[in-house]
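Down below is the structure, laid out as structure tokens.
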Amino acid sequence: MSAGGADGREAGLPEASLVESVGVALTGLLPTIARGLFAPRPVVSRVLGALDIDRRAISALSSLRRERGGEGARLFGGRLVVLWGTQAIREVLDRSAGPYAADAGAKGKGMSHFQPDALTISRGAQWRDRRVFNESVLAASERVHPMAERFLAVVGEEVERLRIGRELDWDEWEGLFDRVTLRVIFGDRAREDQKLTQGLKDLMAEANRLVGLSKGGTYFDFYGRLEGYLIDPEPGSLVARFADAPQTDDTRVAHQIPHWIFAMRGTLGTITYRTLVAIVADPDVERRVREELADADLSAPSALNRLDYLEGCLQEGMRLWPTTPLLARETTEEVTLAGERIDEGAQVVILNTFNHRDGETVPRADELWPERWTGGDPDPYRFNHLSHGSQDCPGGPLVSLLGKAVLTRVIERYALTLLEPDLPAGEPLPLTLDPVDVRLGVAEIESTGGEV
Ligand code: HEM
């Protein structure tokens, strides 16, 4: 049981009433599934946006915390636990893939349809085996990836080859990330292999259903195509690093790649687009970004690494609009969490949409404030857009490298104006920013600095 605090509120994980539990589930948890766990459902997202559902979730959780205190709350008699205290979040994320498994529930069921042996839905010894492989190929512990120079050249060429009219739209941006992803992972010869990325998109759209899933032609065609690139890996690509990466039969190397594809072309593509929008929306931020770029050699990984203000913008883009709105874990044994006994089989949820935008604990929660990240993570385990602990994102350094590379090349080449949506500088940024709703006006900048 939770102990009572001096203010009458409880410590630990107080129990929420049924009404409070239903309120949090309806506003904070179910919308994530309804929006599409693996492929966005634009119509549902629009309806939920019109209902201002994320704001309702924030207000439901704020009032629960105000009423009861604690590091989080036990909902529905403890079968579901929602966390907001960084201490409790740390306890869970540091023991992720062990007593707190990420492979259960909707995520495990859906992902098994297109990547049954992926790291993110593995646990125990298999997870450790696959994690070492992923960390090695992605160079997770190195600030700058050993292949960074080639990856920057790929981004430079792809941005150069863009032929944008007067407006930049989401389709063009997705196409750019598609080509960058294919060349980075598989090499230049894969540049036009949209059949591969489309195959994965189709499988992920099917996985949204969660029920009645079975492996058919699309699945086998996709893995057949993908494995073709592993037979004779192209030098300079991520798959060329496989030969030197630690692995066993359990690693299932081909099954680690789909996550990289969707995280690079989809997740990173979305994040950089939103970040670009937020930069362009605020003339002061844009001026500071351009000042930082002015003398930088954008083909040098070390120079890109030093762009701290732009790094802050990217981190803010991820914090403001987390692409993983919630981190879900299932207890694989009875655990003690925040001093409370939690049964095996309980669902533990970390709601990024609340923790990142909660104005009571996060200063300037609804603003793009790049300086928040000067000097590193300002509040470890609160902002989990790349997660923390044992199952944190091993693609983090690539996210910074490729994200900043695309942003710098686009900002260097184009003068941009945000036509839609209307995001007045100094006003709170909205809780959702759907890339398809964005219209960006574009004019090419001559290399001498003047506009065409
Ligand atoms: C902006 C882009 C990205 C974001 C916001 C992001 C975010 C995340 C988050 C939140 C997790 C933890 C998910 C969970 O535990 O439920 C994760 C895990 C992971 N990410 Fe990323 N990611 C990004 C890009 C990438 C890239 C580019 C790669 C690879 C090239 C990658 C590879 C992975 C892998 C393999 C895992 C599973 C780690 C494990 O379970 O041990 N991610 N990512």
Among the residues of the stretch 370-387, is there at least one that is among the β-branched types (Val, Ile, Thr), within 12 Å of the ligand (Cβ to nearest atom) and at pLDDT below 95? no
Do we find that residue 331 is surrounded by fewer than 18 Cβ atoms within 10 Å (Cβ to Cβ) and hydroxyl-bearing (Ser, Thr, Tyr) in this structure? no
Of these, 35, 56, which one is closer than 28 Å to residue 203 by Cβ and at pLDDT 80 or above? 35
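Looking for whichever is small (Gly, Ala, Ser) and closer than 21 Å to residue 335 by Cβ here; the options are 105, 165, 187. Which one fits?
Numbers: 165 fails: closer than 21 Å to residue 335 by Cβ; 187 fails: closer than 21 Å to residue 335 by Cβ.
Answer to the check: 105.
When you look at residue 136, is it away from the ligand (no atom under 16 Å from the Cβ), part of a helix (DSSP H, G or I), polar (S, T, N, Q) and modelled with pLDDT of 90 or more, yes or no?
Details: away from the ligand (no atom under 16 Å from the Cβ): no; part of a helix (DSSP H, G or I): yes; polar (S, T, N, Q): yes; modelled with pLDDT of 90 or more: yes.
Here the answer is no, as residue 136 does not meet what is asked.
A quick yes/no check of all residues on (1) under 20 Å from the mean Cα position of the chain (by Cα); (2) assigned to a helix (DSSP H, G or I); (3) not basic (Lys, Arg):
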| residue | (1), (2), (3) |
| --- | --- |
| 131 | yes, yes, no |
| 141 | yes, no, yes |
| 156 | no, yes, yes |
| 189 | no, yes, no |
| 204 | yes, yes, yes |
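To keep it simple, each residue is scored yes or no on (1) away from the ligand (no atom under 12 Å from the Cβ); (2) within 30 Å of residue 134 (Cβ to Cβ); (3) among the aromatic types (Phe, Trp, Tyr).
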| position | (1), (2), (3) |
| --- | --- |
| 265 | no, yes, no |
| 269 | no, yes, no |
| 273 | no, yes, yes |
| 287 | yes, no, no |
| 316 | yes, yes, no |
| 323 | no, yes, no |
Assuming residue 269 fulfils every condition listed in (1) farther than 19 Å from residue 422 by Cα; (2) more than 20 Å from the chain's Cα centre (by Cα) apart from one, which condition is it? (2)
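Assess whether residue 88 counts as being more than 14 Å from the ligand (Cβ to nearest atom), crowded, with 21+ Cβ neighbours inside 10 Å and in a helix (DSSP H, G or I). Steps first, answer last, please.
Details: more than 14 Å from the ligand (Cβ to nearest atom): yes; crowded, with 21+ Cβ neighbours inside 10 Å: yes; in a helix (DSSP H, G or I): yes.
Here the answer is yes, as residue 88 does meet what is asked.
Each row is one residue, and each column tells you yes or no for (1) among the basic types (Lys, Arg); (2) free of Cβ contacts under 8 Å to residues at least 24 places away in the same chain; (3) buried (at least 21 other Cβ atoms within 10 Å of the Cβ).
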| position | (1), (2), (3) |
| --- | --- |
| 234 | no, no, no |
| 243 | no, yes, no |
| 249 | no, yes, no |
| 269 | no, no, yes |
| 276 | no, no, yes |
| 292 | no, yes, no |
| 304 | no, no, yes |
| 314 | no, no, yes |
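How do the strands (runs of 3 or more DSSP E) wholly within the stretch 288-384 filter down when requiring 2 or more residues that are under 19 Å from the mean Cα position of the chain (by Cα): which remain? Even if it seems obvious, please write down each step before you answer.
On the way: elements: 326-331, 335-337, 340-342, 347-351.
In the stretch 288-384, 326-331, 347-351 are the strands (runs of 3 or more DSSP E) which contain 2 or more residues that are under 19 Å from the mean Cα position of the chain (by Cα).
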Qualifying residue in the stretch 103-111 (condition: more than 12 Å from the ligand (Cβ to nearest atom) and of a type in the set (Asp, Glu)): no
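Report yes if residue 312 is on the phi > 0 side of the Ramachandran plot and of a type outside the set (A, V, I, L, M, F, W, C), otherwise no. Even if it seems obvious, please write down each step before you answer.
Working: on the phi > 0 side of the Ramachandran plot: no; of a type outside the set (A, V, I, L, M, F, W, C): yes.
For residue 312, the condition - on the phi > 0 side of the Ramachandran plot and of a type outside the set (A, V, I, L, M, F, W, C) - is not met.
The values are calculated or read from the model by the stated rules, or taken from the named source; none is laboratory data. Please read these numbers as outputs of a predicted model, since none were measured by experiment. All Cβ positions, even for glycine, are placed from backbone atoms using ideal geometry, and neighbour counts span all protein chains on display.
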